[in-house]
Every structure is written in structure tokens, then in C-alpha cells.
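Take a look at the structure below.
The values are calculated or read from the model by the stated rules, or taken from the named source; none is laboratory data. Since the model is a prediction, treat every value here as computed from it, not as a measurement. Here Cβ is always computed from backbone atoms with ideal geometry, including for glycine, and neighbour counts include all displayed protein chains. Just the protein is used for accessible areas: all its heavy atoms, side chains included, with ligands, DNA and RNA removed. Shrake-Rupley method; radii C 1.70, N 1.55, O 1.52, S 1.80 Å.
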Amino acid sequence: APGCLPARADAPAFVGHQEPLSAAIAAKMRGVTWREECPVPLSDLALLEVRHWGLDGEPHSGQLIVSKVHADAILTVFETLWTARFPITSVRPAHEFGGDDDAMMRANNTSAFNCRAVAGGHRISDHSYGHALDLNPLINPYVRGDRVEPPQGRAYLDRSADVPGLIHPAGPAVAAFAAIGWPWGGDWTTSKDYQHFSATGR
């Protein structure tokens, strides 16, 4: 499939599970990616441990923080991506980047929960609820007119290119998220958020 690695006969099985946020993780999030005024309490969030393919073609382990309501569905998405051999550079929680969305995009890091406003605006982002995810955000940038975020994402504006980790309309990522009812930002009209999937379509 476009954007995927070649098939591998000796591929290990997918491994993924969810657990409540530990006190240690919650402490790292406070004041960084979560504050008292955020729309969800920490108790409504879950930590996902997922195996994923890296761009190096090898298995890696990642962590993702999402709403408990969507945790099982997101695990099925990652299992689908694993089976399709769709590679992901890294899957690390936003607090490991100080909640800095630009830093995560530059690092091509996949993440979900991060209590923040939408980029360049004041409306609270769907990431603040734990029901939005940004996948390989450097390879799949946000585009509005001449604006490209991250700027390094300009190298990937040709959306027909068969680049590992690039999200194609007919590829496994869009299909996997569609199967759980999460629309893709690459289908937006006034802007294109190629990295973004969310439960509300916003």
C-alpha cells in the first residue's frame, strides 16, 4: 500500500494495551499538557502502550495518551497500521516535548492528548479532550494557503509521492480511522491538516 514498508515474512505480532495514567505520568503532565481548567480530568485519560514500525523498518514501542472512551478504538487503529506495515517515526506523549506542538511536528512525533488552543487561534483544540491524534506530522503537514506547519513539511507537499509514513487518501491510515468514525483533516476544504484525525472531524 502507498506509504507503507514492504511486507516482512518474519513480522512479530502487534502488541498494544491500555492502562490508567500512573501518578508519575500525571505529575509530569500537570502544568505542562494538563491544567485544572482543561475540559477533561486526568482520570478520564488512558495511557496506551503500542508497538509500531519505525522508518528504519524495525519494531518500536510507543506511548500515547487518549480519552479512555476512545482507547480501545485507537488500539485497533494501531493494530491495523502495524499489519499494513505503515511506519511511524515515534509515538511519545506531548509532555515529553514540554507540550510544544511545533517541537513535536519537527520531530515527526505522533501524539494525541495535549490541552491547548488550536494553532493560531483561541478555540480549544480537540487534542484537549484526548479525541484527536496527529500522525507523522512532519511528513503530513498542516497546509493553509502559503502556510505550511511545520515549515520543514514543505518537502512533502506532493501528496502523491510514495514516501513511507505519508498518509494517502486510499491508504491504511485513513481507512483505519474511518473504521472507528474519525474523519481525516486531509479532507478539509479551506485548509488541509494531513496529520490530523479526530472524533469530531474538527
>> Just to confirm my understanding: which cysteines in the chain have no other cysteine beta carbon less than 4.7 Å from their beta carbon?
In response: 4
> Summing Lys, Arg as +1 and Asp, Glu as -1, what charge do residues with Cβ under 10 Å from the Cβ of residue 140 carry, residue 140 excluded?
Replying inline: 0
> Rounded to the nearest 500 deg cm²/dmol, what is the calculated helix-only ellipticity per residue at 222 nm for the chain, with -39500 (n - 2.57) per DSSP H run of length n ≥ 4?
Replying inline: -5000 deg cm²/dmol
>> Positive end of the dipole of the stretch 68-202, charges at C-beta (+1 Lys, Arg; -1 Asp, Glu), about the Cα centre: which of 194, 95, 172 has its Cα farthest in that direction?
In response: 194
> How big is the accessible area of residue 200 in square angstrom, nearest 10, if you roll a 1.4 angstrom probe over the protein chains?
Replying inline: 70
>> If you count only protein heavy atoms with a 1.4 Å probe, what accessible area per residue comes out for the chain, rounded to a whole Å²?
In response: 44
>> For a quick check of understanding: with a 1.4 angstrom probe and all protein chains in place, what accessible area in square angstrom does residue 58 have, to the nearest ten?
In response: 90
> Can you give the relative contact order of the stretch 27-179 as a percent, counting alpha carbon pairs under 8 Å and 6+ residues apart?
Replying inline: 21
>> Give me the base-10 log of I(q)/I(0) for the chain at each q in 0.07, 0.09, 0.11, 0.12 Å⁻¹, Debye formula, one uniform scatterer per Cα, rounded to two decimals.
In response: -0.18, -0.30, -0.45, -0.54
> What dipole magnitude, in Debye to the nearest 20, does the chain give about its Cα centre under +1 on Lys/Arg Cβ and -1 on Asp/Glu Cβ?
Replying inline: 240
>> Keeping all protein chains in the complex and leaving out DNA, RNA and ligands, what accessible area do you get for residue 192 with a 1.4 Å probe, in Å² to the nearest 10?
In response: 60
> Of all accessible surface on the stretch 1-136 at a 1.4 Å probe, what whole percent is carbon and sulfur?
Replying inline: 54
>> Taking the Cα centre as origin and putting +1 on Lys and Arg beta-carbons and -1 on Asp and Glu beta-carbons, what dipole magnitude results for the stretch 1-65, to the nearest 20 debye?
In response: 80
>> Distance between the C-alpha centers of the stretch 93-151 and the stretch 173-187? Whole Å please.
In response: 17
>> As an exercise, find the ratio Rg/Rh for the stretch 1-47 from alpha-carbon atoms, using the Kirkwood inverse-distance average for Rh.
In response: 1.25
>> Going by average Cβ density within 10 Å per residue, which order do the peptides 181-187, 131-137 take, highest to lowest?
In response: 131-137, 181-187
